[in-house]
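One structure is given below, encoded as structure tokens.
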Amino acid sequence: MTKPLICLSARESFINQTRIFYDNESYFEYVRAGGGIPVMAGCLSDEDAERIAAQCDGLIVTGGEDCDPAYYGEENTYSAVIAHDIEEADLRLYRAFAKAGKPVLGICRGIQLINIAEGGTLIQDIPKETEHTMNHNQRNMDPPLPVGTTAHKVKFAPGSVLHSIFSDEYEVNTYHHQAIKDTAPGFTVTALSTDGIIEGIEKENVTAVQWHPERLLHYPGHKGLIEWFVSQCSAQQS
């Protein structure tokens, strides 16, 4: 059996007014650590997305800027939205892989994108729209917590995929100001932070987390997540 091809959703940057499609090296390292081959897809059509889904064995919807609230029927109050064509590419890739029945893993923005793609909604700003919640962006903590460190614990629902990897609770990092509000139909909430923010959702072939496990490869649980995901992608080849 050959190593599975794992598609990563692209992000954008600008160098000297030239637009660059990229993704953080940590995602590529994460996929390789799990035994897969990372490839990246930028802006594309529905037809292109379906071709990629046919050729690749799984999809990781990566982190990035906020989802446009128009996709879940709300006005923009606190969202710093990602470029429209990037958003559309994420949605097309997710829908193509979901239609093909191939494994999908959402990370940070990825869990939010998946939730709205399936009919859910988001909290646009945790500090402004919720009470008694912790700081969910460790860059803004006093003092800030560096990359590679954890910030709080997450509790996992027994019987879930995430529980099979992380057991009852596990330390995670945190880099977000938005989160799931109304969970999309068909999904089960399988991870919660201690203040009640949704940190993980699942349904058949789709698993998504609110933290960044690719920055925590030195923790067995977070490495175990990508090993599990790549094994699911490998099963597509049989």
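The mean accessible area for residues of the chain, using a 1.4 Å probe and ignoring ligands and nucleic acids, is 44 Å² per residue. Charge dipole of region 1-52 (Cα centre as origin; +1 on each Lys and Arg Cβ, -1 on each Asp and Glu Cβ, all else neutral): 200 debye, rounded to the nearest 20. For region 210-217, putting each phi into the Karplus relation 6.51 cos²θ - 1.76 cosθ + 1.60 with θ = phi - 60° gives couplings of 8, 8, 10, x, 5, 8, 10, 4 Hz, in residue order, rounded to whole numbers and with x for Gly and Pro. Tell me which GluC sites (Glu not before Pro) from region 109-172 have a DSSP coil assignment and no more than 13 other beta carbons within 10 Å of their own. Within region 109-172, the qualifying GluC sites (Glu not before Pro) (loop, at most 13 other Cβ atoms within 10 Å) are Glu131. Dividing the convex hull volume of the alpha-carbon atoms in region 1-135 by its residue count gives 141 Å³ per residue.
Annotation: for a label point projected 7 angstrom from Cα along Cα→Cβ of Ser231, residues of region 134-171 with backbone N closer than 15 Å are 160-167.
Placing +1 on the Cβ of every Lys and Arg and -1 on the Cβ of every Asp and Glu, with no other charges, gives region 119-238 a dipole of roughly 200 debye about its Cα centre. By the compact-protein rule of thumb, 2.2 N^0.38 Å, the alpha-carbon radius of gyration of region 174-238 corresponds to a ratio of 1.24.
The H on the amide N of Glu199, modeled in the peptide plane, is under 5 Å from the matching H of Ala191, Leu192, Ser193, each at least 5 residues off or on a different chain.
Calculated mean residue ellipticity at 222 nm for the chain: -9000 deg cm²/dmol, from DSSP H runs with n ≥ 4 weighted as -39500 (n - 2.57), summed, divided by the residue count and rounded to 500. Over the C-alpha atoms of region 73-133, the Rg to Rh ratio, Rh being the Kirkwood estimate, stands at 1.02. A cut-off of 5 Å between modelled amide H atoms, ignoring neighbours fewer than 5 places along the same chain, links Gly64 with Arg109. Summary of the geometry: region 179-238 and region 65-138, compared by the centres of their Cα atoms, lie 15 Å apart. Using +1 on the beta carbon of Lys and Arg, -1 on that of Asp and Glu, and nothing else charged, what's the dipole of region 50-207 about the Cα centre, debye to 20? Dipole magnitude for region 50-207 comes out near 460 debye. When the Cα convex hull of the chain is projected onto planes of every orientation, the mean area is 13.0 nm². Bridging of Lys3 to aspartates and glutamates at a Cα separation below 14 Å is possible for Asp57, Glu227, once same-chain residues fewer than 8 apart are set aside. Of the solvent-accessible surface of region 154-238, computed with a 1.4 Å probe and all protein chains present, 51% belongs to carbon and sulfur. By a 1.4 Å probe calculation restricted to protein chains, Tyr175 has an accessible surface near 20 Å², given to the nearest 10.
Think of region 97-238 as having a plus end and a minus end, set by charges on the Cβ of Lys, Arg, Asp and Glu; of Ile197, Ala235, Gly159, Ala235 sits farthest toward the positive end of this dipole.
The values are calculated or read from the model by the stated rules, or taken from the named source; none is laboratory data. Treat the numbers as computed from the prediction; the structure is a model and nothing was measured. No Cβ is skipped: glycine too gets one built from the backbone with ideal geometry, and neighbour counts run over all protein chains shown. These accessible areas exclude ligands, DNA and RNA; they are computed on the full protein's heavy atoms, side chains included. Shrake-Rupley method; radii C 1.70, N 1.55, O 1.52, S 1.80 Å.
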